[in-house]
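Just so you know, all these numbers are worked out from the coordinates, no wet-lab data involved. Bear in mind that the values here come from a model prediction, so they are computed numbers and not experimental data. Cβ sites come from the backbone with ideal geometry, for glycine too, and all protein chains shown count toward neighbours.
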Amino acid sequence: MDQKDHKWYVLSVHSGKEDFVVEKIQQMIATQGLKQYFSDLVVPKQSKIVVKDGKKVLQKKRMLAGYVLIKMLYTNMTAPMITNIEEVRGFVRIGDTVYPLTEEEVERMRNEKPEAQSKQKVYATTIRINDAVKITDGAFKDWLGKVAAVDEAKGRVKILITFMGRENPIDLDMTQVQKL
C-alpha cells in the first residue's frame, strides 16, 4: 500500500475536542497496526501574540473549530473506524460524496512555516480606544494617558498624554502600556 494514494479529508468533530480526537486516532493506529492506512493528522491552528501584563505571549488558536484534517486511504474499512470514534460527527461531504482536499488547500491551513508566521503575526489585546492606561516603559514611563488608536496587526497603540496643557499623541508598543 503506497502513501501516495493517501488524500486529505476533513473530519467534523465536536468543537473543543479536536486534539482529543487526534489523540484517539493516533492510539487506534498504534494499537491496531494501521500505519499504512494513515499518514497525517492536523488540527489547523494560527499563532497569535497576546499581550498579557505587558508581556508578549505566543498562543496557538484553532483556525477551524470543530474540524480535523486527516491524510488517509479512504476505504470501506478505514472510514467507519474513524467515524465510530465517540467525538467524531463524520467526514465533510458534498451531497453523499466525500471529496478530498488538495495539498495546496491543506498547506494554507497548516500554517507551519516560520517565515509565514512572522509575516502574519497577529496581536490580541484587551486594550481598547478610550481606555485609561499607564505607560510602563520608555521616555514617558509612569505617565497616564488615554488610548486613541489600537493597531493589533502591528502590536502598536497610540496614546494621548496631556503635556503643557495640550493632548499629544505618542505611538507605543503594546508591551509599553498597562490598562488601568
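Remarks
- Taking Cα centre as origin and charging only the Cβ of basic (Lys, Arg, +1) and acidic (Asp, Glu, -1) residues, the dipole magnitude of segment 125-179 rounds to 120 debye.
- Placing R0 at 22 angstrom, the Cβ-Cβ distance between Phe20 and Met63 gives a FRET efficiency of 0.80 after rounding to 0.05.
- Shape analysis of segment 33-73 based on the Cα gyration tensor places the equivalent ellipsoid semi-axes at 33, 10, 6 Å, largest first.
- q = 0.15, 0.23 Å⁻¹, segment 3-119: log10 I(q)/I(0) [Debye, one scatterer per Cα]: -0.71, -1.39
- Taking every DSSP bridge with both residues inside the chain, close to 95 percent are antiparallel.
- Cβ crowding within 10 Å, taken as a proxy for footprinting-reagent exposure, orders Val147, Val57 from fewest neighbours to most as Val57, Val147.
- With 21 Å as the limit on Cα-Cα distance, the pairs of Lys24/Lys48; Lys61/Lys158; Lys4/Lys71; Lys4/Lys61; Lys4/Lys45; Lys56/Lys154 that go past it are Lys24/Lys48; Lys61/Lys158; Lys4/Lys61; Lys4/Lys45.
- Against the chain, whose longest principal axis comes from its Cα atoms, helix 18-32 is set at around 30 degrees.
- Per-peptide packing, taken as the mean over residues of other Cβ atoms within 10 Å, places 27-34, 45-52 in the sequence 45-52, 27-34 from highest down.
- Among Gly138, Thr175, Leu160 the positive-end extreme of the charge dipole of segment 125-179 (Cβ point charges): Leu160
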